[in-house]
1. Given the options 40, 198, 72, state which has the largest fluctuation in a GNM of the chain using a 10 Å cut-off (strictly under) for Cα springs.
2. For helix 207-219, what angle does its Cα long axis make with the longest principal axis of the chain, in degrees from 0 to 90 and rounded to 10?
3. What is the diffusion coefficient of the stretch 2-58 in µm²/s, taking the Kirkwood radius over Cα pairs and the Stokes-Einstein relation at 4 °C with a viscosity of 1.567 mPa s?
4. For the chain, with only Lys/Arg (+1) and Asp/Glu (-1) charged at the beta-carbon, what is the dipole magnitude about the Cα centre, in debye rounded to 20?
5. Working out 0.36 nm times the residue gap between residue 309 and residue 33, then minus their Cα-Cα distance, what length gain in nm do you get to one decimal?
6. Whenever you get a sec, compute what percent of the accessible area on the chain sits on carbon and sulfur atoms (1.4 Å probe).
7. What distance in nm separates the two pseudo spin-label positions at residue 178 and residue 199, each 7 Å out from Cα along the beta-carbon direction?
8. Rounded to the nearest whole Å², what accessible area per residue is found for the stretch 63-373 with the 1.4 Å probe?
Amino acid sequence: MQENIDILIQNTPDKALSDIAKKVKENARITDSECLILFEKADLAYLGVLANYVRERLHGDTTYFNRNFHIEPTNVCVFSCAFCSYSRLYAHKEDGWELSIDQMVDIVKSYDGKPVTEVHIVGGVHPKMNMAYFIELIQKIRAHRPELHIKAFTAVELDYMFRKAKLTIEEGLTQLKEAGLQSLPGGGAEIFHPEIREKIAGDKVNGEGWLKIHETAHQLGMHSNATMLYGHIETYSHRIDHMSKLRTLQDTTKGFNTFIPLKFRNANNDMSDVKESTIIEDMRLYAIARIYMDNFPHLKAYWPMLGRQNAQLTLSFGVNDIDGTIDDSTKIYSMAGSEEQSPTMSTEELVALIKQAKRVPVERDTLYNIIKDYSNEALSINQ
Ligand code: V47
Ligand code: SF4
């Protein structure tokens, strides 16, 4: 629907908004102050046209998903982020858990013969799970299934591991890479700005530290993702500051694959009094992220956090990736109030979800190499 942008430019009475639309059409970068105008003034329909324009220029109707599974080594965590519903101080209390290396390798083995391409490993920061522990884990997974892409450890986990082992970021990442780590997930970013970070995640790695770890990973030839935890106590300016820091780093390294806005969920945590964002605000944010983050190839909606139908809706607001089958008992979101108690979607369900939104489902690997185009598969679920 590329012609919609011309109609929008002609019919938007607000000069600032119509100038931004012209810039988007010309593939020119919008500034931070223009981004603020979008947050403050632009309605959903306007943002949808612009975000779609960018998305279709980059990817047409292609919408990616992958076949992955998650392992959460532990929910024991030395940190105490106010938004976290998942961490426990001790494994033996309440519903804390810690998995042994053998238990985690057994999870990997349970996928033998199944066509998964990626394992995603993220958890709490356990004081006893150190470099040696995770190197052994990665080596064992690699030895068992060499072709499985290992995407593991947020910058928060890495920062703690490296400091404990007295390693520089480069030394630590090099050791993990040699063991078989291939890319980094985007978690732990939250909101970089210290005004907010100190209130919601004050005791873990700061924004500069998070960015440095990803920069170093990129310099070592690894790719990574970036998240932003939105919809709590941050202002539009804090969101723009966060996205601006990511956009600036990406200009230098080009190592980020995907930007993943994560909607704050308020159940069972110290921020339960903070209201969750509305669906309109969620869709506006996705659209603005697609318009502003012009050097991020992909924008992902993480369906376990948003819910399936809202994730489906994002496909009309700039999103071109809907994560994966996931297939596990991921607890980080169900404990925070997500409707998805045990998030797993079959490939057929994902394909149907994407087709219902009139997009083209394409299975990818972690690095966005195409595995299969599903455009010719019949639509079977609730057509
Ligand atoms: O950093 C924790 C978030 C993140 C809550 O790279 C919450 O492909 C909302 O890293 N409400 C970890 N969010 C998850 C993560 C991730 C997820 C999906 C895909 C990828 C990827 C990475 O989960 C944390 C934090 O921002 N989180 N608690 C909550 N109450
Ligand atoms: Fe720990 Fe991560 Fe929860 Fe923060 S968000 S308390 S670092 S598990």
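The values are calculated or read from the model by the stated rules, or taken from the named source; none is laboratory data. Quick caveat, the model's predicted, so the values are computed rather than measured. So basically every Cβ, Gly included, is an ideal-geometry build from the backbone, and we count neighbours across all protein chains shown. To get the accessible areas, we keep the full protein, side chains included, count just its heavy atoms, and leave off ligands, DNA and RNA. Shrake-Rupley method; radii C 1.70, N 1.55, O 1.52, S 1.80 Å.
1. Looking only at 40, 198, 72, the biggest GNM fluctuation is shown by 40.
2. For helix 207-219, the angle is close to 80 degrees.
3. Here the translational diffusion coefficient equals 116 µm²/s.
4. Using only the charged Cβ atoms, the result is roughly 360 debye.
5. 96.2 nm
6. Whole-percent figure for carbon plus sulfur exposure: 51.
7. So the two model labels end up 4.5 nm from each other.
8. Details: 11550 Å² over 311 residues.
Here the per-residue accessible area is 37 Å².
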